[in-house]
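The values are calculated or read from the model by the stated rules, or taken from the named source; none is laboratory data. None of these values were measured; they are calculated from a predicted model. Here the Cβ positions follow ideal geometry from the backbone for every residue, glycine too, while neighbour counts run over all protein chains shown. Note: areas computed on protein heavy atoms with side chains; ligands, DNA, RNA excluded. Shrake-Rupley method; radii C 1.70, N 1.55, O 1.52, S 1.80 Å.
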Amino acid sequence: MLKQLIVKGNDKMKRAIVLSGGGSKGSYQIGAWKALKRMHIKYDIVTGTSVGALNGALMVQKSYLKGLWFWYNIDYKYIIKEPICDNMKNQKSVLKHYAKAILLANGMDVSNLEETINKVLNERKVRKSKINFGIITFNLSNFKPKVLTKKDIPIGKLKDYLMASATCFPAFKKKHIDNDDYIDGGYYDNLPINLAIDMGAEEIIAVDLRAVGLKRQTKSKNVKVTYISPRNKLGSFLIFDKNIARRGMRLGYNDTMKTFGKLDGNKYTFKKDHLKRNFNRYSYTYRQILTNIFKRKNDMLSQLLKITAYKADISISYMTEIIESLGMFLNLDDSYIYNINIYNKRLLYRLNQLPSIDRKLVKQKIKDNEWRDLIQNKVILKYIYDDIVTYQNSKTKKDLSNIALLFPNEFLGALYLYVISNSK
């Protein structure tokens, strides 16, 4: 019901988009914006902190293509002034580089970001827009937050206060405005829902990057809040790389569409109703083989299902969890929107590409309880799959029912692969 209200809207109710801080994870918010545009979801208010303030300004001036350009091509040269070495995609190297800047220069010089903002920000458009805008920064001089709507910001100072909100201190240098020093608004409220409420919002869509920063308890329970947040890891908020950002945009789009029921899945994303169709096609056979393997061993089957946090029967969510675990085991791209048939084919292709395994060695390691130091998920998966291929053998059934309790997720995944590989 909440999703229907938000999508259809109500002319008398004010809707706000709230964007959290999160550094380089901000590309995710551009993907979310794309999804909101696709669903024709309009908004009256935008509030943001840090990178959310920067993205929010673009949402207010309705410059989606400029935001897309910025994040699609993001690189350190658009952010910091210092020369950057080639290994800055490595998190350890990044942290060393920032630590050096903090110790020797009180943080990175982000004047390049100011120049980049000049290219994409149109202060006149922001001020003339019918969409209200609010941001949060933190005044380090008096140790108090500074909460600003666009009418509070002096003309010509919008870029300065956006920079102040996004100054990720101590990694970045403090922002100096009119005799005061400012740092990232995440030191006060990294997800400014209360600011949106103060500005008149009656329903809110909050894109929370789940990054470092303080969050205030929502002051009103009467305001509907729909949260959109990453279901997959986005990487370090200090690494600015276009390929990571492009993935973040895809994930932001996918998660937003899933939040509003337009796509299916959790960690992975599938076209609408494809998971249901897949369940209807394979669940009966899956259930039959599972029961056959555990024939006269109901206690073991119940224990297996309990270990994997599933109910006693197979459901769509049960099978979806198995499918997505397989995607992670076999390293499928988690940012695509999949047709379930193509997804299944890719799973089988990756399985067939796995190198041959020394079954005697694996079996001995399992027997000696030394498998943790030797075996990866995909090795166990292939080992169990090969056993399931011959599951009609009574000895194999016994071995399978025992190993299933040791490797429940790999067992259930291998069984799914067996079912889809033998379907007509």
What chymotrypsin sites (Phe, Trp or Tyr not before Pro) in the stretch 141-239 are in a loop by DSSP, with at most 10 other Cβ atoms within 10 Å of the Cβ? Phe143
List every residue whose amide H lies under 5 Å from the amide H of Ile204, counting only residues 5 or more places away in sequence or on a different chain, with H placed 1.01 Å from N in the peptide plane. Ala16, Lys224, Val225, Thr226
Estimated inter-spin distance, Lys130 and Lys92, nm [label 7 Å along Cα→Cβ]: 5.5 nm
Specify which labelled value, from (1) 21.5; (2) 19.5; (3) 24.3, agrees with mean projected area of the Cα convex hull in nm² derived from the coordinates of the model shown. (3)
Computed ³J(HN,Hα) along the stretch 319-324: with the Karplus parameters 6.51/-1.76/1.60, θ = phi - 60°, integer Hz and x for glycine or proline, the list is 5, 4, 4, 5, 4, 6
Would you check the accessible area of Lys14, probe 1.4 Å, heavy atoms only, in square angstrom rounded to 10? 100 Å²
Asn73-Lys276 FRET efficiency (beta carbon distance; Förster radius 30 Å; 0.05 resolution): 0.20
Percentage relative contact order, the chain, counting C-alpha pairs under 8 Å, at least six apart: 18 percent
On average over all directions, what projected area in square nanometres does the stretch 117-258 have, based on the convex hull of its Cα atoms? 9.8 nm²
Using a 1.4 Å probe, how large is the accessible area of Lys66, given in Å² and rounded to the nearest 10? 80 Å²
What does the accessible area of Lys271 come to, in Å² to the nearest 10, when a probe of 1.4 Å is used? 90 Å²
Longer than 25 Å from Cα to Cα, which of Lys276/Lys345; Lys66/Lys219; Lys130/Lys174; Lys25/Lys100; Lys14/Lys37; Lys159/Lys242 are they? Say none if no pair is. Lys66/Lys219; Lys130/Lys174
From the phi of every residue in the stretch 58-66, what ³J(HN,Hα) in whole Hz does the Karplus formula 6.51 cos²θ - 1.76 cosθ + 1.60 yield, where θ is phi - 60° and glycine or proline is x? 5, 5, 5, 8, 6, 10, 4, 5, 5
Probe 1.4 Å, all protein chains present, accessible-area order of Arg15, Arg359, largest first: Arg359, Arg15
Using 7 Å Cα-to-Cβ label points, what is the Gln353/Glu115 separation (nm, one decimal)? 4.1 nm
For Lys146, what residues show an amide H to amide H distance below 5 Å, using hydrogens built from the backbone and excluding near sequence neighbours? Thr137, Phe138, Asn139
Considering amide H positions built from the backbone, and no H for Pro or chain starts, which residues 5 or more places from Gly134, or on another chain, come under 5 Å of its amide H? Val46, Thr47, Gly48
Length gained, Thr149-Ser317, 0.36 nm per residue minus C-alpha separation, equals 56.1 nm
For the chain, what is the mean residue ellipticity at 222 nm derived from helices alone (per DSSP H run of n ≥ 4: -39500 (n - 2.57); sum divided by total residues; nearest 500 deg cm²/dmol)? -15000 deg cm²/dmol
HN-Hα couplings for the stretch 285-294 via Karplus (6.51, -1.76, 1.60; θ = phi - 60°), in whole Hz with x for Gly/Pro, come out as 5, 4, 5, 4, 5, 4, 5, 5, 5, 9
Enumerate the aspartates and glutamates that Lys157 could reach by cross-link, defined here as Cα to Cα under 19 Å, with residues fewer than 8 away along the same chain left out. Glu114, Glu115, Glu123, Asp178, Asp180, Asp181, Asp184
Simple label model, 7 Å out from Cα along Cβ direction - Asp180 to Asn422, nm: 7.1 nm
